[in-house]
Amino acid sequence: MRSEIITAPETEAPATPVLVPLPRRRARARRGLTRWLLVVVLAVLSLPFVFPTWWMATSSLKPMSEILRRVPTLWPQDPSFDAYGRVFTLQPFAQQYWNSLYIAVVVTLGTMLVAAMAGYAFARIRFPGANALFVLVLVGLLVPAEVTIVPLFRIVNTLGLVDTHWPLIVVPVLGAPAVLAVFIMRQFFLGLPTELEEAGRLDGLGRWGVFWRIAVPLSRSALGAVAIFTFLKSWNLYLEPVVYLSSKESFTLPQALTQYVDAYGGPMWNVQLAATTLTVLPVLAVFLVAQKQFVQGLAHSGLKG
Amino acid sequence: MSAHPTRARRTAAAVGALGTALALTSCAGGSSAPAGEPETPDEPVELRMTVWTADEAQLELFQTIADAYVAENPELVAGVSFETIPFEDYTTALTTQLAGGNAPDLAWVFESNAPEFVASGALVDLRPVLEGTDGYAADDLVPSALSLWEDGDGLYAYPFSTSPFAVFVNTDQLAAAGQPNPADLVADGGWTFDAARDIAAATAQDTGKQGLVVRDFDYQAWENLATVWSGWQAQPWSADGTECTFTDPAMVDALTWFHDAVFTDGALPEPGTTADFFAGDAAMTITQISRASSLDDSFSWDVVPLPAGPAGQQDVVGQAGIGVFAAGEHPDVAADFLAYFTNPENAAQLAAYFPPPRASLLNGEDLAAANPRLSAEQLEAVVVESVQDAVTKPAHASFAKLSETVRAELDALWVEDADVEAVLADTCAAITPLLED
Amino acid sequence: MAASAAVRRDRLVGYTMVAPVVLGSLAFVVLPLVMVVWYSLHEWNVLANTFTFVGAENYQRMAADPGLADALRATLWFSVGLVVVNIALALLLAVLLNQRLPGTTTFRTFFFSPVVVSLVAWTIVWSFLLQADGGINGFLSVLGVEGPNWLRRPDAAMAAVIIVQVFKNVGLNMILFLAALQGVPEELQEAARLDGAGAWRRFRSVTLPLISPTVLLVSIITIVGSLEVFAQIDVLTGGGPGSSTTVLVYYLYQQAFRFNEFGYASALAVLLFVIVLVLTLLQWQSRKRWVFHEV
C-alpha cells in the first residue's frame, strides 16, 4: 500500500519567515505569477469541455428554432420548462430510468463480485492453467462490440431472451466488458502485501475466509474504481439495447433518448435534450461528490502501474 | 449513435412524408411464393410489425386498427404489436434481427431499399391477397405509386406513404427583398429553376441568410437532388439500372446549373453550412409537403410545386412501404392483416399522417381534413396532381453501395473550381462495375 | 506427484473463483468469435437469406479491395492522431491539475464531465460548432484567423473527428495519469530539484519513467478504443469527404448493415481482431524497453 504518498505533492516551498532573502522573494513572486497564468491556461482549456454540456442543458429550455441556430446562443432567449414535462408524457420515461438504473446497479455489483474473485485468484492462487485461462479472459479486452453483436444476438435469440434485460446484465458481467475489471483487480491484488493474508491464515481462516474478510475489505478503493467504470459503461450502453430490446417499457435511457421524434421521424431536440440532461446531471453530480474517492481509488488500483 | 441533425433530417425526410420503409425478408433468392389465404392456425398467432415512428398518435392509430382486426379474427390472431426501432438504427437493428433468425412479420421499408428488398425474395407477393380481399378495391391504387414495389406481376410492399416534394416559401423574406411571389409565377408559367435561383440569390443577399435549401441533401444525401435534376429529365442511371447516366448531357447541365447556383450565384448554401428553413434561416426549401407540420407562425409562408426545368416541370414523390417477410412465422396471416390495415376505410384514417396511394382519397378536401396546416387548394395543386405522374427518387437493387460510392465521388464536385464533367466521368467510372453486377 | 489435500483444496477454490469469468468468456467472447470466423468463410446476404460456403474468398477479396486499403490508411491516421493528441493532452492536464492550483477540483470536474455526457448530445453540439460558419470559425475570426471548412476538407475533417473524440474521452485518461502522478514520491522530485533539474528535466527524468506503466496501459486502452470509434464518424462526416474518414470499423459496419454483406464484414471483423491483437502484443513486448518498472 502506498497510501502515505497519495496526498498531493507539495509544490510550494515550505512556509518561510517574513524575512526571506530578496532573490527568494522575487522567485516566489514569479512563481505566483506563473501559477495564475497556469490557472488562466486551465480556464481556456476548459471551454471546449464545458461548452457542449452547457449548451445541452440550456438548449433543453429553448424552442426548436433557437436550438438550430448556427451560432449557438449561450442562454435561452425565453426559457421554458415545457420540454421536461413532455419527456414524461411521451414515453414511460420513469420506467426507462428505473430500467437503466437497476441494470447498471446489478451489472456493477455483479462485475465487482466476479472481478474481485477472478482478480484475486489470478493474482494469489496457484493452480495449473492459470496463465492460459488469464490470457483467454484477456481476449475479451480486444473485441469491439460491433464484431460480435450478430453472433451474440443469435445466441440470445436461441435462448429466447430477446426483449428481456438478461443479455444486458449477463453478458457485461461475464463477458468482454468485465475483463478490464478483472485486469484492474488482478493488478491491485498483485501489489497488495501478503503479510495480512498470512496473518489471517494463521488465525485459522480458509482461502474463502481470507478473501472475504481480508482481501476484499482492503481492495475497497480498487473496487470503487471498477464500480465507477462499470456503472458508466452500463449507463451509456447503446448498441446492445437497441438490438436486444423492442418494447418501450423495457428500453434503457440511451435508447429512449432517440425516441423523442415528431410524427415524421425528425427529432424533437428540446425534449431529447431535456431527457439527455436528466440522464447526465445525476451522474455528473455523483462524480462531483465522489471524485476524490475516485482519483484515490484509481491511485490505489493497478491502473496506476 | 444517433441523431445528427443532418442525418436525422435526411432520414426524417426519407421517412416522413414520402415514406420509405424497410422490409425484411428471408427466403433464398428469387421470388417467393405469393401469400395465400391464411389457414386458420391451431391457435391464434401474435404478429409483429417494425416501424420507425415513435409518434404516440400514430402508434395509437395503428393499435386501434390492429385491435379491430383482432376482434374480427379472434381465431386467427391474438394480437398485433408495433415495434419502434430508432430511426437512425432501423436498418442495423432490423438486419440484426434477420441475421439472428428473428424476422418480424411485417416491416416498414425505406424507399431507397425498395429494389433491394423486392429483388431479394425476402418479401411476400401481396397482390393476390390484396386483390382477393373483399372490399379492398385494389384498382383504386394509383399504378405509378406502386411501380417501385413491383417485380414482374408481383407487388412486394404496399407504399402506405406517398408524399410529394414541393417548395416552401418564406413570403416575409421574399417580400422584404422585393422579390416576386412564386405563387404568382406559377400562375403565369414563370416558375422555373432559374427564376427560383434568382429569387433565392436576391433574397439571401437582402437577408444575410440563405436562399434555397434542398432539405436533407447537405452535400451527402445526393439522391435528394432528384428534386432538381428531374426538371432536366436527368437520371443517375438508366431505368433498368445497368448503365450510368451521370455523364449524359441532361445530368451535366443540371449539376452544372446546381454547382453555379451554389458557388457563383450564392442562391444555395455552400457545403458545411446548415440552414433550417423552418427556423427562419432560409428563403425557400425543397422538401416533402408533410413537413408543413414543422411550421409555426413565426413567419408567413406558402407552398408551391417544384419549379420547371429546361425539360419542363416534373413532380417527385418520396415513398415508404410495408412488406411482409417470407421468413416471418406467419406470412399468410400477416398479409391478411396488411390487407385489412390498408383497406379503404383504414387508409383514410392513415391519410392523417401518410398520403395514401389511393386515387379516391387523393383530393384536396380529404387531405386538407388530415393536414390542417395546408389549404385544400394548396394540397390540390401540390399533392393530388403530382402523385399521378410523379417520379420517385433514384433507387436500385444495389442502392446502398451506389449511394455511398456516388457520395464519395461527388464530394469532388462541391468545391468552387470543380470540373463538373470530369467529376461525373469519375463517378460513372466508379459505379459502372456496381451497376453491371 | 500428488498434491497435498490443502493444495488441492486451494486449487479448487482458485478454479471456482475464476469460473464465472472464464465460462463467460467462453460463451460470450470465444464462441461469438468462432462464429464470426465461420461466417467469414461464407457469402451471407441477410436480406436474400443466402448462406453459401465460399472458403477463403472473402479474404482474397480483401487483398483486392481498394475501399479497404483506403479504410486502413484512414484508420492509421486516425489512431495515431488520436493516441498522440489524447495522451499528450491527458498528461498535460494531469500535470497542470497536480500543481495544487486554485480551482483544481472545479477544473478536474470540467475536464472529466464529457466522459459522462451522452455521445449523441456531444457530437451534435460539435457538428454545429464545426460548420463552415459555425461557432469555432466565428471564434477564430475574432482572432483574425480564417478557419477551414472543417467537415468538408479531407485533412481538416480527420483533425476535427480526432479532436471531438479527444475532448470527449481525454478526461478519463487524465484521471488515470493524475492518480499515477500522485503516486510519484515527492522525495524523488525534491532530490532532483536539489540537483538543479528544471521542471521539464524533472518531468522527463523522474516523473515520466515512474508513471510509464500507466502510460503503457492507457495507450493500449486508447489504441484499442480508437479502433472501435464509429458513431462519431457517422455523425460528423459519414466517412467523407471522399473516403477520408472511413475507418475500418465504419467500413465494416457499412458492409454488414448497409450492404448486407455479412460474410465479408465478418472477414473484416477477423482482420480487425488480428490488428488489435498484434498491436497489443507489440506494445506489451516493447514494455521492457521503455517502461521503468514492472507492476
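The values are calculated or read from the model by the stated rules, or taken from the named source; none is laboratory data. The structure displayed is predicted, hence computed values, not measured ones. FYI the Cβ positions are ideal-geometry reconstructions off the backbone, even for glycines, and counts take in every protein chain you see. Areas reflect the complete protein model, heavy atoms only, side chains present, ligands, DNA and RNA absent. Shrake-Rupley method; radii C 1.70, N 1.55, O 1.52, S 1.80 Å.
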Give the residues of segment A:121-138 that are out of contact with any Phe, Trp or Tyr (no Cβ under 9 Å at 6 or more places or on another chain) and within 25 Å of A:Ser234 (Cα to Cα), sorted by residue number.
-> A:Val135, A:Leu136
Filtering segment B:189-220 down to residues that are open to solvent by less than 20 Å² (accessible area, probe 1.4 Å) and in a loop (DSSP other than H, G, I, E, B) yields B:Trp191, B:Arg215, B:Asp216, B:Phe217, B:Tyr219
Considering each of C:Asn137, C:Asn173, C:Asn169 in turn, give the residue that is open to solvent by 40 Å² or more (accessible area, probe 1.4 Å), part of a helix (DSSP H, G or I), assigned by TED's automatic domain parsing to the domain that holds C:Ile223 and polar (S, T, N, Q).
-> C:Asn169
Tell me which residues, restricted to segment A:200-227, are aliphatic (A, V, I, L, M), in contact (Cβ under 8 Å) with a residue 12 or more places away in the chain and open to solvent by 50 Å² or more (accessible area, probe 1.4 Å).
-> A:Leu218
Residues of segment C:215-236 being closer than 24 Å to C:Ser266 by Cα and at the interface with chain B (Cβ under 10 Å from one of its Cβ atoms), which ones?
-> C:Phe230, C:Ala231, C:Gln232, C:Ile233, C:Asp234, C:Val235
Looking at A:Val87, A:Val105, A:Val50, which is the one that is among the aliphatic types (A, V, I, L, M) and over 30 Å from A:Leu223 (Cα atoms)?
-> A:Val87
Filter segment B:58-79 down to residues that are within 14 Å of chain A (Cβ to nearest Cβ) and not charged (D, E, K, R), then give me how many there are.
-> 6
Which residues, counting only those in segment B:282-300, are crowded, with 20+ Cβ neighbours inside 10 Å and touching a strand residue (DSSP E or B) at 6+ places or on another chain (Cβ under 6 Å)?
-> B:Ala282, B:Ala283, B:Met284, B:Thr285, B:Ile286, B:Gln288, B:Ile289, B:Ser290
Between a first residue in segment C:37-48 that is over 18 Å from C:Gln60 (Cβ atoms) and within 12 Å of chain B (Cβ to nearest Cβ) and a second residue that is part of a helix (DSSP H, G or I) and aliphatic (A, V, I, L, M), which pairs have beta carbons less than 8 Å apart while being 6 or more apart in sequence or on different chains?
-> C:Val46/B:Leu98; C:Val46/B:Ala99; C:Leu47/B:Leu98
Go through (1) facing another protein chain (nearest Cβ under 8 Å); (2) touching a residue at least 60 places away in the same chain (Cβ under 8 Å); (3) not hydroxyl-bearing (Ser, Thr, Tyr) one by one and return the number of the condition A:Val147 breaks.
-> (2)
Scan C:Leu92, C:Leu96 and give me the residue that is without any contact (Cβ under 8 Å) to a residue 12 or more places away in the chain, under 30 Å from A:Val40 (Cβ atoms) and open to solvent by 60 Å² or more (accessible area, probe 1.4 Å).
-> C:Leu92
Considering only residues that are surrounded by 21 or more Cβ atoms within 10 Å (Cβ to Cβ) and within 7 Å of chain C (Cβ to nearest Cβ), look in segment A:174-198 and name the one that is nearest to the chain's Cα centre (by Cα).
-> A:Ala178
Would you mind telling me which numbered condition in (1) at pLDDT 90 or above; (2) in a helix (DSSP H, G or I); (3) not hydrophobic (A, V, I, L, M, F, W, C) A:Pro128 fails?
-> (2)
Tell me which residues, restricted to segment C:238-252, are more than 9 Å from every other protein chain (Cβ to nearest Cβ) and open to solvent by less than 10 Å² (accessible area, probe 1.4 Å).
-> C:Thr245, C:Val247, C:Leu248, C:Tyr250
Can you tell which of A:Val156, A:Val107, A:Val171 is buried (at least 20 other Cβ atoms within 10 Å of the Cβ), facing chain C (nearest Cβ under 7 Å) and closer than 29 Å to B:Ala93 by Cβ?
-> A:Val171
Subset of segment B:385-399 (residues that are in a helix (DSSP H, G or I) and open to solvent by less than 20 Å² (accessible area, probe 1.4 Å)) | B:Ser386, B:Val387, B:Phe399
Given (1) within 14 Å of chain B (Cβ to nearest Cβ); (2) in contact (Cβ under 8 Å) with a residue 12 or more places away in the chain; (3) assigned to a loop (DSSP other than H, G, I, E, B), C:Trp122 misses just (3)
With respect to the numbered conditions (1) more than 22 Å from A:Leu180 (Cα to Cα); (2) in a helix (DSSP H, G or I); (3) of a type in the set (S, T, N, Q), which one is the sole condition not fulfilled by C:Ser25?
-> (1)
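Can C:Ile275 be described as surrounded by fewer than 21 Cβ atoms within 10 Å (Cβ to Cβ) and either modelled with pLDDT under 85 or in contact with a strand residue (DSSP E or B) (Cβ under 6 Å, 6 or more places away or on another chain) (or both)? First the steps, then the outcome.
Numbers: surrounded by fewer than 21 Cβ atoms within 10 Å (Cβ to Cβ): yes; either modelled with pLDDT under 85 or in contact with a strand residue (DSSP E or B) (Cβ under 6 Å, 6 or more places away or on another chain) (or both): no.
In short, no.
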Residue count, segment B:267-281 (criterion: of a type in the set (Ser, Thr, Tyr) and open to solvent by less than 20 Å² (accessible area, probe 1.4 Å)) | 1
